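What follows draws every value from the coordinates through simple rules; no lab data is involved. As the structure is a prediction and not an experimental result, all values here were calculated from the model. We place every Cβ from the backbone using ideal geometry, glycine too, and count neighbours over all the protein chains shown.
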Amino acid sequence: MVFENFLSAKLAEKQSWILFIAGIFYAVLGALISYLFFPADASIVMVFLTVLGSAYIMHSIIELEEEVDESKNEVKSLYHHSLALKAFFALFLGFTVAYTLMYGFLDYNIVSKVFESQTNTLYAINGRVTSIDAFNVIVSNNLKVLFVSLLFGFMYGYGALFILAWNASVIGAAAGNYFRAAISGGGGFFIILYHFLNSLGQYALHGIPEIAAYFIGALAASILGVSISKKVWKDQVKFINVISDVIILTVLAVILVFISAGIEVYITPLL
């Protein structure tokens, strides 16, 4: 892909805005190709193509993080991971912005095909969160997603990117639906911009810690998978450093799942 020719893992971590642009590019390109060539399954193929375009750079970042994890400096490792997470967030935000804008501005016949699976998922979620045990259900569901992210990250390295791109498409569909309705009456540029930011903002409060949990879990599992494939376990000291870091990241991911569920159930409705 185009971005692979000049985008390295170190550059992506230092200048994450480039990944934001890349995320928009890959999401739009994936949607276009899926609609033109795979209209019957466009909503799934779109996500797959988005992941395919982003896989190279994400795998490069994961390999870089695994190398840092082999060191004995835990503080340095965690700091470096924060740079990787910032880069992943930029990529995810690019996906989400692109999906939201496409849902808001494209013809509804196109939207209904490209976001069919995402719309069905939203119907299921809306029915779930109105139940009396919403917190427990949301935590249970998000822990399952976290587990899949861990599994995909460990087994396939950047495989967890599919989970993250899928979540971006669902959030984009939800925010895009609100955005589409808000601008249906027209308005100038700043009115449209306000509605766009407001649409994303509704999901940001609980969405940021939730997506952060998936990113952290995916990063932890991917680091472990890469270290095993490189046979780092032969060096006991290095492997213990990796395992220690993976455990810390996984526990942090679980904590964030509970925090995001609490925000979604008890705080977001008040706003």
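Charged neighbours of S34, selected by a Cβ distance under 15 Å, balance to -1 (K, R count +1; D, E count -1).
Find how many whole Å separate the alpha carbon centroid of segment 186-219 from the alpha carbon centroid of segment 80-118. Cα centroid to Cα centroid, the span is 10 Å. At 37 °C and 0.692 mPa s, grab the translational diffusion coefficient of segment 152-271 from Stokes-Einstein with a Kirkwood Rh over Cα pairs, rounded to a whole number in µm² per second. Estimated diffusion coefficient is 198 µm²/s.
Take the Cβ atoms of Y56 and K230, set R0 to 25 Å, and the FRET efficiency comes out at 0.85.
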